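As structure tokens, the structure follows; a few thoughts come after it.
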Amino acid sequence: MIKAFVLIVVDPAKTVDVYASLRAVDGISEVYQVMGPYDIVAVVEVPALTDVPAVISKHIRAVEGIESTTTCVTFPEAS
């Protein structure tokens, strides 16, 4: 599995709605509201690295209220 952390800046008036929407997205295993330069951190877990862009573009950035995202993809586990 590939894991990516998506750091999300949200319109403050829509944080609760964005949080709820992201919790329902296939491919997102965890969602946290956080303090700091980002408002929400979503953990994406997908089978392949090539699956990450689709989750980001089709399911995360499409949510109304999201202003920007930064994605940090983890290195695959050494076997």
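Condition first: modelled with pLDDT of 95 or more and either in contact with a Ser or Thr (Cβ under 7 Å, 6 or more places away or on another chain) or not aliphatic (A, V, I, L, M) (or both). Now tell me which residues in the stretch 13-26 satisfy that.
If the condition is that a residue be modelled with pLDDT of 95 or more and either in contact with a Ser or Thr (Cβ under 7 Å, 6 or more places away or on another chain) or not aliphatic (A, V, I, L, M) (or both), then LYS14, THR15, ASP17, TYR19, SER21, ARG23 are the ones that fit.
State which residue is surrounded by the most Cβ atoms within 10 Å (Cβ to Cβ) when the search covers only the stretch 27-38 and only residues that are outside any strand (DSSP E or B) and more than 11 Å from the chain's Cα centre (by Cα).
TYR38
Of all residues in the stretch 39-79 being in a loop (DSSP other than H, G, I, E, B) and within 10 Å of ILE8 (Cβ to Cβ), which is farthest from the chain's Cα centre (by Cα)?
GLY65
Could you run through the stretch 11-26 and say how many residues are within 23 Å of PRO47 (Cβ to Cβ) and touching an Asp or Glu at 6+ places or on another chain (Cβ under 6 Å)?
The total comes to 0.
Exactly one of (1) surrounded by 17 or more Cβ atoms within 10 Å (Cβ to Cβ); (2) modelled with pLDDT of 95 or more is unmet by ILE2. Its number?
For ILE2, the failing item is (2).
So which of ILE60, ILE2 ends up being among the hydrophobic types (A, V, I, L, M, F, W, C) and touching a residue at least 60 places away in the same chain (Cβ under 8 Å)?
Step by step, each of ILE60, ILE2 is checked, and only ILE2 is among the hydrophobic types (A, V, I, L, M, F, W, C) and touching a residue at least 60 places away in the same chain (Cβ under 8 Å).
Scan the stretch 9-26 for residues that are surrounded by 13 or more Cβ atoms within 10 Å (Cβ to Cβ) and part of a helix (DSSP H, G or I) and report the count.
So the count comes out to 7.
So ILE8 fits all but one of (1) in contact with a helix residue (DSSP H, G or I) (Cβ under 9 Å, 6 or more places away or on another chain); (2) modelled with pLDDT under 95; what number is the exception?
Every condition holds for ILE8 apart from (2).
The values are calculated or read from the model by the stated rules, or taken from the named source; none is laboratory data. Bear in mind that the values here come from a model prediction, so they are computed numbers and not experimental data. We place every Cβ from the backbone using ideal geometry, glycine too, and count neighbours over all the protein chains shown.
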